[in-house]
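The values are calculated or read from the model by the stated rules, or taken from the named source; none is laboratory data. The structure presented is a predicted model; accordingly, all values stated were derived computationally and were not measured. Cβ atoms come from the backbone with ideal geometry, glycine included; neighbour counts cover every protein chain shown. Note: accessible area is taken over every heavy atom of the protein model, side chains too, but ligands, DNA and RNA are not part of it. Shrake-Rupley method; radii C 1.70, N 1.55, O 1.52, S 1.80 Å.
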Amino acid sequence: MNIILFGPPGSGKGTQSAELVKSLGMRQVSTGDLFREAIKNKTAVGVRAKEYMDKGNLVPDGIVLEMVEENLSKSATNFILDGFPRNLEQAAALDALLNRMNISIDKAIFLEVDKKDLIRRLVGRRVCSQCGNVYHVDYKPCRKDSTCDSCGGAVVQRTDDTEEVVVSRLGVYEQYTSPLRDYYKRVGKYNEVNGNRSPHDVFEDIKKLM
Ligand code: AP5
């Protein structure tokens, strides 16, 4: 099954994708992770993307689409698109790409979370700089201060998780990404999950949809 997992920043797309990878052997394609990897490796794409990400803006479509196409051409079965598409233009370009590849998206799953909780989730989020494991200072702290439970790597705050940038990301989401809900309703692929509950309960609902 191929799915799109979408929702506002902090709605739990990365957390739920990690569970889907672990439990159902799916492949996660996260454009945010791909950009962070490119930044870490100081590639030309990474340098370009960082300018936009640091301000909470969307990276230009041309860069995103090229990266997604390259990634999907490696393997395009049983995947989760996490953080892509992010606007109507990207959604149309994805449809055209999948048509050319003769594959399709089965479901677009929207994670609905109250706006007031998103800022708290994002500003308190911490991430392992080595393996990418996601923590939260209140909801899911690491056992040993700033050290990853799994690999012992340094657990840090993402540079775009400051309150100022988070507010900007939420505005960008409202303007460009939230219209995707209607887009996927129109094509009959829209599903909604209440993301205001524990990660476990949210995952159970996603599993039921799969
Ligand atoms: P990206 O990395 O995709 O960020 P995002 O969409 O803003 O989403 P996040 O990763 O911040 O949140 P999430 O929904 O994955 O939540 P998580 O599970 O981590 O993109 C970053 C930037 O890259 C963008 O701003 C843009 O510049 C660029 N970009 C990426 N894709 C692009 C594209 N297609 N086009 C253009 N530009 C693009 O959870 C958050 C926190 O909450 C964690 O601490 C977690 O532990 C906690 N949590 C999770 N679930 C729960 C729960 N149920 N209850 C309580 N806490 C929870």
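In the set (1) over 16 Å from the mean Cα position of the chain (by Cα); (2) more than 11 Å from the ligand (Cβ to nearest atom); (3) surrounded by 17 or more Cβ atoms within 10 Å (Cβ to Cβ), Gly124 fails one condition alone, (2).
Scanning segment 48-79 for residues that are closer than 15 Å to Asp160 by Cα and β-branched (Val, Ile, Thr) turns up just one, Val59. Selection of segment 1-24 for residues being open to solvent by 20 Å² or more (accessible area, probe 1.4 Å), assigned to a helix (DSSP H, G or I) and more than 7 Å from the ligand (Cβ to nearest atom) yields Ala18, Glu19, Val21, Lys22, Ser23, Leu24. Starting from segment 78-103, keep only residues that are within 12 Å of the ligand (Cβ to nearest atom), then list their pairs with residues that are open to solvent by 50 Å² or more (accessible area, probe 1.4 Å) and part of a strand (DSSP E or B) whose Cβ atoms are within a distance under 6 Å, requiring at least 6 positions of separation or different chains. The qualifying pairs are Ile80/Gln28; Asp82/Gln28. Applying the set (1) open to solvent by less than 70 Å² (accessible area, probe 1.4 Å); (2) under 26 Å from Ser178 (Cβ atoms); (3) at pLDDT 95 or above to Glu89 leaves exactly one unmet item: (1).
Just to be sure before I move on: is Gly62 surrounded by fewer than 20 Cβ atoms within 10 Å (Cβ to Cβ) and within 9 Å of the ligand (Cβ to nearest atom) in the structure I sent? Spelling it out, it is not the case that Gly62 is surrounded by fewer than 20 Cβ atoms within 10 Å (Cβ to Cβ) and within 9 Å of the ligand (Cβ to nearest atom).
Scan segment 25-32 and tell me whether some residue there is open to solvent by 50 Å² or more (accessible area, probe 1.4 Å) and in a helix (DSSP H, G or I). Checking segment 25-32: not a single residue is open to solvent by 50 Å² or more (accessible area, probe 1.4 Å) and in a helix (DSSP H, G or I).
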